[in-house]
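The values are calculated or read from the model by the stated rules, or taken from the named source; none is laboratory data. Not measured: the values here are computed from a predicted model. Every residue, glycine as well, gets a Cβ built from its backbone with ideal geometry; the counts of neighbours run over all protein chains shown.
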Amino acid sequence: MWSQFLGNVRPAVHEHWPKSALVPAALGVGGAVVCWMLLRSRKKTLEMGDGWWALGAPQQREDTSVRAFTLEVSDTEIQDLYQRLDRTRFISPLEDSQFHYGFNSIHLKRVVSYWRNSFEWHKQVELINKYPHYKTTIEGLEVHFIRVKPAHLPPGQKARPLLMVHGWPGSFYEFYRIIPLLTEPSKYGLNPNLAFEIICPSIPGYGFSEAPHKKGFNGVAAARIFYKLMLRLGFGEFYLQGGDWGSLITTLLAQMKPECVTGLHLNMAFVPKGGFGQTISLLLGRYVPWLVGMTREDVNRLYPYFEKNVYALLRESGYMHIQATKPDSVGSALNDSPAGLAAYILEKFSTWTDPEFRKLEDGGLERKYSLDDLLTNIMIYWLSGSITSSMRFYKENFTRDFLYSPANTMAVRVPTGIASFPCELMHVPRSWAKGKFRNISSYTYMPRGGHFAALEEPELLARDIQHFVFRVEKLGQ
Ligand SMILES: *[C@@H]1O[C@H](CO)[C@@H](O)[C@H](O)[C@H]1NC(C)=O
Ligand SMILES: *[C@@H]1O[C@H](CO)[C@@H](O)[C@H](O)[C@H]1NC(C)=O
């Protein structure tokens, strides 16, 4: 509908129409028929559509400049934060409840006290600004991203462009521990022959990317915007990586523009639920796993199925139901209370890292993360006031008919790598993933780690990304 905006980005798109089809087409009607048949035989791709998310009617001309952005500390905002933290009205937890009822408020007191008295936001901002940040306007929205090139490359080597997409309740900052490993592999003992140039955007409505002002901003829209971003930056082909929403968004991008995607690496694969085959494989898998293409490790991770998947998923997905239905109500509370926001978000960093952490008084938060890293992510939500818009993404995505959306039934044909972390919310055996991801180049049972893999186990994840790219490019390791 707003195809004039596509005009900005068109030059870098290369459509893979069969060249052989061009000549006969010129020869007349018969040629046209041949051409039509050849085009029809192209693999199906996801309809990209178009959008406009600023207030009001679409503008005729969009500013396509890419502008440097530096995060600044605002003392007014810090004073406001301190006042709110000082006035927190804590609840008292039930005896012996650890993290079973949600974030334990005795521990919340400690976190808030650290935040108020010891956390040094100035220092964290310096760290955030260590990488170059930019903003550019796409479909009416200011899109924020960082772009990190390797400082030095061995002679004759090119950096592979890699778009990394975060999820909820994360941010671009989740990637700060893995970026050095991927851009300077030789410095950190990884394979020196494979370095990446990282493009790491904030999903619109998250952190420093502007929130959509109109309804309907879903995964397809995010994928399209990131595709346009990559074109604007001059990348015609690139790798993709994501978990959580990042996994959905990068998968959609691969379905939309497979010709631009060299490979897709996921640390959480979404596959359509159910189906007769999956039911059979569930029933038989426990007893004769080999018959349904499951390994011992799949069995360990899947069974007892009800306990590990159905019940755990129900217990852990209440937030999703709220966010997919009435995000603005709870959003009003979280946007007003930094302590409440921290409890809501950090509970996920506890339980999604390891479900056993629910049994600990402190949620095990600092077993895998530093409080500085965790609070930096919270600050990104707090200062940008983006918690509500981040939650709305659930509502826009889980529309009534989402199970039947074209993306769900469409295969992904680009080379795909799956890193299966043992504490991920749901285990997907390779045999299930194959139904959707038709070309799995690598599938790894990761030895440890959970949902926030990039922040929790950066080295394991970085090595698996390298491993995947070696497979895709058929290079010796
Ligand atoms: C929403 O997310 C689910 C789960 O990832 C996915 O199956 C579905 O296709 C998404 N819907 C849209 C409209 O992108
Ligand atoms: C699958 O991906 C590999 C690269 O990992 C590629 O060489 C191969 O041609 C692809 N196969 C299909 C059927 O597309």
Can you find even one residue in region 417-432 that is within 11 Å of ligand 2 (Cβ to nearest atom) and modelled with pLDDT of 95 or more? yes
When restricted to Gly167, Gly156, the only residue more than 22 Å from Leu229 (Cα to Cα) and small (Gly, Ala, Ser) is Gly156
How many of the residues making up region 287-305 are more than 30 Å from Phe99 (Cβ to Cβ), surrounded by 12 or more Cβ atoms within 10 Å (Cβ to Cβ) and out of contact with any Leu (no Cβ under 8 Å at 6 or more places or on another chain)? 3
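Residues checked against (1) aliphatic (A, V, I, L, M); (2) surrounded by fewer than 20 Cβ atoms within 10 Å (Cβ to Cβ); (3) closer than 29 Å to Glu259 by Cα:
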site: Phe393; (1), (2), (3): no, no, yes
site: Val414; (1), (2), (3): yes, no, yes
site: Gly435; (1), (2), (3): no, yes, yes
site: Ala454; (1), (2), (3): yes, no, yes
Which listed residue is within 16 Å of ligand 2 (Cβ to nearest atom), modelled with pLDDT under 95 and closer than 23 Å to Leu282 by Cβ, from Gly435, Gly476: Gly435
Restricting to region 171-226, what's the tally of residues that are in a helix (DSSP H, G or I) and more than 17 Å from Phe468 (Cα to Cα)? 16
Here the qualifying pairs (Cβ atoms under 7 Å; residues six or more apart or on different chains; first in region 160-185 and within 12 Å of Gly207 (Cα to Cα); second part of a loop (DSSP other than H, G, I, E, B) and among the hydroxyl-bearing types (Ser, Thr, Tyr)) come out as Ser171/Ser202; Ser171/Tyr206; Phe172/Ser202
Does region 341-351 contain at least one residue that is part of a loop (DSSP other than H, G, I, E, B) and at pLDDT 95 or above? no
Within region 264-276, is there a residue that is surrounded by 18 or more Cβ atoms within 10 Å (Cβ to Cβ) and more than 16 Å from ligand 1 (Cβ to nearest atom)? yes
Within region 263-280, identify whether any single residue is over 29 Å from Met391 (Cβ atoms) and within 16 Å of ligand 2 (Cβ to nearest atom), and answer yes or no. yes
Among Lys348, Lys359, Lys308, which is the only one that is touching a residue at least 60 places away in the same chain (Cβ under 8 Å), away from ligand 1 (no atom under 16 Å from the Cβ), surrounded by fewer than 19 Cβ atoms within 10 Å (Cβ to Cβ) and within 19 Å of the chain's Cα centre (by Cα)? Lys348
Scan of region 393-417 for residues that are away from ligand 1 (no atom under 13 Å from the Cβ) and not in a loop (DSSP other than H, G, I, E, B), ordered by number: Thr416, Gly417
Residue list for region 427-477, restricted to those being within 17 Å of the chain's Cα centre (by Cα), away from ligand 1 (no atom under 16 Å from the Cβ) and over 24 Å from Ala195 (Cα atoms): Gly450
I'd like the residue in region 438-452 that is out of contact with any Leu (no Cβ under 7 Å at 6 or more places or on another chain), in contact (Cβ under 8 Å) with a residue 60 or more places away in the chain and in a loop (DSSP other than H, G, I, E, B) and, out of all such residues, is surrounded by the most Cβ atoms within 10 Å (Cβ to Cβ). Phe452
Only one of (1) more than 16 Å from ligand 2 (Cβ to nearest atom); (2) farther than 24 Å from Pro180 by Cβ; (3) modelled with pLDDT of 95 or more; (4) of a type in the set (Phe, Trp, Tyr) does not apply to Tyr443, and that is (1)
